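Below you'll find the structure, written out as structure tokens, and then a few comments.
The values are calculated or read from the model by the stated rules, or taken from the named source; none is laboratory data. From a predicted model like this one, the values you see are computed outputs, not experimental measurements. Heads up, the Cβs are rebuilt from the backbone with ideal geometry, glycines too, and the neighbour counts pull from every protein chain shown. With ligands, DNA and RNA removed, areas are computed over all heavy atoms of the protein, side chains included. Shrake-Rupley method; radii C 1.70, N 1.55, O 1.52, S 1.80 Å.
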Amino acid sequence: MNNSSRSRAASRGFGLACLAACALLATGGAQAQSRPKADDTPFYGEIGYSALTYKEPLGTAHPKNIRLLGGYELNPNLAVEAQVLLNAKEGKANVDGVENKLKVDSVWGLFLKPKVTVMPDLEIFGRLGVAHTKLKASTSSSSVSDSGNSFAYGLGVAYAISDKVTLSLDYMSYYDRDDKSVKGPTLGLGIKF
């Protein structure tokens with residue numbers, strides 16, 4: 001088994017583990033949920049800073065992106081979200097002494113977000129969905145772009161700073177196909193509208 005096959009197998013294993021965790025989150029933990037207050041709104045938004053790892057045959061780089069997210073809580077254990085990640089800083093990788101610039105131009109995604117409150121003010125969540133990712137790799141003499149859709153998934157935690165403000169940390173896999181992958185953590189600040 002070559003490194004690419006091992007990487008795909010490990011990625012599939014992580015994806016299956018996320019799927020199982022999300023199923024457990026969606027079906028369990030209802031007892032730990034409190035009823036929403038009458039003035040609670042189901043709409044929320046978040047801004048985050050993503051430190052991604054972009055791997056491809058030209059190398060591995062660590063571009064930075066800004067993530068904007070909007071969500072709607074269907075019930076205390078399930079939400080739907082739309083996300084967009086926009087390039088903030090390209091990453092660099094050296095291959096045989098040649099500097100390659102790798103960047104994630106953008107990611108657009110739709111997700112289901114199963115979640116459960118494990119302690120007052122602390123929840124764990126998963127995300128399952130699909131993302132469209134635009135990638136760009138360039139050297140001093142050439143550049144190539146690629147884009148495509150991929151199954152996307154992740155896990156995270158959120159802490160309620162107040163009734164309306166949350167701080168979250170998650171790890172997402174946005175793209176994994178054709179020997180290229182984009183994944184990494186995001187630190188986010190959310191607000192209920």
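Starting from 0.36 nm per residue, how many nanometres of slack lie between ASP163 and THR41 once their C-alpha separation is accounted for?
42.8 nm
Check the straight Cα-Cα distances from LYS115 and name the lysines below 23 Å, setting aside those fewer than 8 residues away within the same chain.
Leaving aside lysines fewer than 8 places away in the same chain, those within reach of LYS115 are LYS37, LYS164, LYS183, LYS192.
Could you derive backbone 3J(HN,Hα) for the range 50-66 from the dihedral phi with the Karplus parameters 6.51, -1.76 and 1.60 (θ = phi - 60°), listing whole Hz in sequence and x where the residue is Gly or Pro?
Along the range 50-66, the couplings run 9, 9, 8, 10, 10, 10, 7, x, 6, x, 10, 9, 10, x, 10, 9, 9 Hz.
What is the percent carbon and sulfur in the accessible area of the range 101-158, measuring with a 1.4 Å probe over the protein chains and ignoring ligands?
So the carbon and sulfur contribution to the accessible surface is 60 percent.
In nm, to one decimal, how far is the LEU187 label point from the LEU86 one, both placed 7 Å along Cα→Cβ?
2.1
Send over a whole-number figure in Å² for the accessible area per residue of the range 55-141, probe 1.4 Å.
48
For a quick size check, give me the Cα extents of the range 67-111 along its three principal axes, largest first, whole Å.
Over the range 67-111, Cα extents along the principal axes are 53, 16, 11 Å.
State the extension gain, in nm to one decimal, for the chain segment bounded by LEU112 and THR53, taking 0.36 nm per residue of separation less the distance between their alpha-carbons.
Answer, rounded to one decimal: 18.9 nm.
Given Cα pairs under 8 Å that are at least 6 residues apart, what percent is the relative contact order of the range 93-170?
Relative contact order of the range 93-170: 27 percent.
Under a straight-distance cross-link criterion of Cα-Cα below 15 Å, which aspartates and glutamates are reachable from LYS113, leaving out those fewer than 8 residues away in the same chain?
GLU46, GLU73, GLU81, GLU123, ASP170
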